[in-house]
Amino acid sequence: KQLANHPGETAPTQSAALLSQLVEQELAELANTIAIRRRGDLDQALALVRTNFGKATMDRIRATAGELIRRENEELTTRLAAARARSVRTRTIVLAGMVVLAILLLGAGIHVTALIAGMEHARLHELIQKATFSTTLESIGDAVISTDDGGLITFLNPVAERVTGWPAGDAIGRPLASVFHIVNEDTRQAVDNPVDMVLRDGAVVGLANH
């Protein structure tokens with residue numbers, strides 16, 4: 001955001017206000033990332049951390065702080081004789097703010113690093129659980145086909161491959177009805193897609209043996 005010029009407002013004052021705004025923005029982003037992680041949304045938290053939005057904000061903080069110090073040094077050079085005491089106090093405030101900012105950023109960096117490590121560990125644990133579940137489904141003697149909430153196939157075990165004649169690599173991503181054809185044994189008429197029935201009724205659906 002650009003700060004509007006106000007009568008009597010100096011460039012260092014504008015830079016200091018921008019610096020405060022950027023620090024608040026960075027802390028708000030960190031709080032948002034932590035809140036998302038606590039809700040258990042690992043993918044969204046990782047995606048937010050990896051957008052480099054935080055890095056861009058910190059780069060702006062460093063640039064604004066550097067510009068603030070540069071301008072203050074120029075003012076010290078040009079107005080040293082007339083306003084030495086005021087300039088020294090201003091510089092002391094700026095340097096103290098930089099120290100506080102450095103401490104805040106260091107703490108935030110450590111916290112974000114720990115947060116990413118924790119999310120990566122949780123993600124690895126989730127992948128291990130999925131691999132275990134997939135191995136279990138592939139090893140049982142029944143045909144198993146899973147779909148997403150749009151009815152597109154996401155998994156076939158080897159028994160399902162033999163039953164349908166579709167290799168898993170070719171079937172994944174296709175609508176269930178195009179891979180798993182169900183007809184009534186007596187009438188030879190097509191039976192409603194069970195996935196459509198589940199999505200429509202919101203309940204477990206069984207099929208008769210025939």
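The values are calculated or read from the model by the stated rules, or taken from the named source; none is laboratory data. This structure is a prediction, so every number in the text was calculated from the model and none was measured. Cβ placement follows ideal geometry from the backbone for every residue including glycine, while neighbour counts extend to all protein chains displayed. Heads up: the accessible areas ignore ligands, DNA and RNA and are worked out on the full protein's heavy atoms, side chains in. Shrake-Rupley method; radii C 1.70, N 1.55, O 1.52, S 1.80 Å.
Below, the figures for the structure above:
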{"quantity": "Filter result (modelled with pLDDT under 75 and either open to solvent by 50 Å² or more (accessible area, probe 1.4 Å) or closer than 15 Å to residue 65 by Cβ (or both)) within region 26-36", "calculated": "26, 32"}
{"quantity": "The lone exception for residue 39 - which of (1) open to solvent by less than 70 Å² (accessible area, probe 1.4 Å); (2) modelled with pLDDT of 70 or more it fails", "calculated": "(1)"}
{"quantity": "Helices (runs of 4 or more DSSP H) lying entirely in region 101-210 (those with 3 or more residues that are surrounded by 13 or more Cβ atoms within 10 Å (Cβ to Cβ), modelled with pLDDT of 85 or more and of a type outside the set (D, E, K, R))", "calculated": "158-164, 176-179"}
{"quantity": "Cβ-Cβ under 8 Å pairs, at least 6 apart or on other chains, region 51-66 side assigned to a helix (DSSP H, G or I), far side open to solvent by 60 Å² or more (accessible area, probe 1.4 Å) and at pLDDT 80 or above", "calculated": "none"}
